[in-house]
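Worksheet for the structure shown next.
The values are calculated or read from the model by the stated rules, or taken from the named source; none is laboratory data. As the structure is a prediction and not an experimental result, all values here were calculated from the model. Heads up, the Cβs are rebuilt from the backbone with ideal geometry, glycines too, and the neighbour counts pull from every protein chain shown. Heavy atoms of the whole protein, side chains included, go into the accessibility calculation; ligands, DNA and RNA do not. Shrake-Rupley method; radii C 1.70, N 1.55, O 1.52, S 1.80 Å.
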Amino acid sequence: MPASPISDLSRCAIHTMTNKPWTLRQCVDAYSAAGVKGISVWRNVIEPIGAKEAGKLLRENDMRVPALVRGGFFPATSAEARAKAIDVNRACIDEAHEIGAEMVVLVCGAVPGMSLEDARKQVTEGIAEILPQAHSANVKLAIEPLHPMYAADRSCVCRMTDARRICQQLRDPLVGIAVDVFHVWWDSDLQKEIRLAGETATLLAFHVCDWRVQMRDQLNDRGLMGDGVIDLRMIRGWVEEAGFKGYNEVEVFSDEYWKMDQAEYVKLIGERYLQHV
Ligand code: ZN
């Protein structure tokens, strides 16, 4: 059943990458002013000021941080490169803890020429290796399935089903799934998998944007809600039926929108959120 319309922005969060031209402070100020108190923080905006300062800024402004984005990229052809990925992921967990993020989003990775099955095995092993750190920091790890157009080099985890299998192997309360409509809207098993994720308490995050029919760029031409074909209200209905009570996170990478006046853009995000999510 489609969800009923949303009347305010209290459960809206915005990914800082949505407003790529901005610093973390600019994002915090603008989102706060718009009544959006949820912010998922990408590492590039932490880098110039450090995690300590970022955490202070977020706390002082009473922001809620569903996620630090992003860790992952576990598979590699050498042991050294795999070990390096583990180090990077441990640093992500530390940063997430420092800024008060509930989870680290994992873009799992893939290596051209490596079978997807082998890559998924390395992903599972990689997550297992960083779990002790996640537990000591009390930070969740959200596996984000990516659209199969990225299977060659970004993610061997393409469907909710792939993510569920990894969760089932690891069986850890901190490991779950981030549902991003851009990546999974087409999947005929989506409703079923969302229900299963709810039943197994692995439904950690819900990311919204839209799928433009005439996509001009594989990475940076996501639509804003209402620009494309995704039935957001239907999918939010499934997510809420599965018991999800977290933020609806707006995550749009778009060369077109990044060229806009970003303050105007935040207004538009709020309008589209209420109209379409
Ligand atoms: Zn996402």
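Quick look at the values:
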{"read-out": "Among residues of region 115-132, those that are surrounded by fewer than 18 Cβ atoms within 10 Å (Cβ to Cβ) and over 17 Å from Ala201 (Cβ atoms), counted", "value": "8"}
{"read-out": "Single condition Val213 does not satisfy, out of (1) more than 27 Å from His97 (Cβ to Cβ); (2) within 16 Å of the ligand (Cβ to nearest atom)", "value": "(2)"}
{"read-out": "Lone qualifier among Glu271, Glu256, Glu241, Glu264 - being over 21 Å from Cys27 (Cα atoms) and surrounded by fewer than 17 Cβ atoms within 10 Å (Cβ to Cβ)", "value": "Glu241"}
{"read-out": "Some residue of region 25-39 being over 21 Å from the mean Cα position of the chain (by Cα) and charged (D, E, K, R)", "value": "yes"}
{"read-out": "Residue in region 185-196 that is more than 16 Å from the ligand (Cβ to nearest atom) and touching a Leu at 6+ places or on another chain (Cβ under 7 Å) present", "value": "no"}
{"read-out": "Residue within region 181-193 that is crowded, with 16+ Cβ neighbours inside 10 Å and aromatic (Phe, Trp, Tyr) present", "value": "yes"}
{"read-out": "Residue list for region 1-59, restricted to those being closer than 20 Å to Gly223 by Cβ and either free of Cβ contacts under 8 Å to residues at least 60 places away in the same chain or polar (S, T, N, Q) (or both)", "value": "Thr16, Thr18, Asn19, Ser40, Trp42"}
{"read-out": "Residue check for Val239: part of a loop (DSSP other than H, G, I, E, B), of a type in the set (Val, Ile, Thr) and touching a residue at least 12 places away in the same chain (Cβ under 8 Å)", "value": "no"}
{"read-out": "Conditions (1) more than 16 Å from the ligand (Cβ to nearest atom); (2) over 20 Å from Ala128 (Cα atoms); (3) open to solvent by 40 Å² or more (accessible area, probe 1.4 Å): number failed by Gln168", "value": "(2)"}
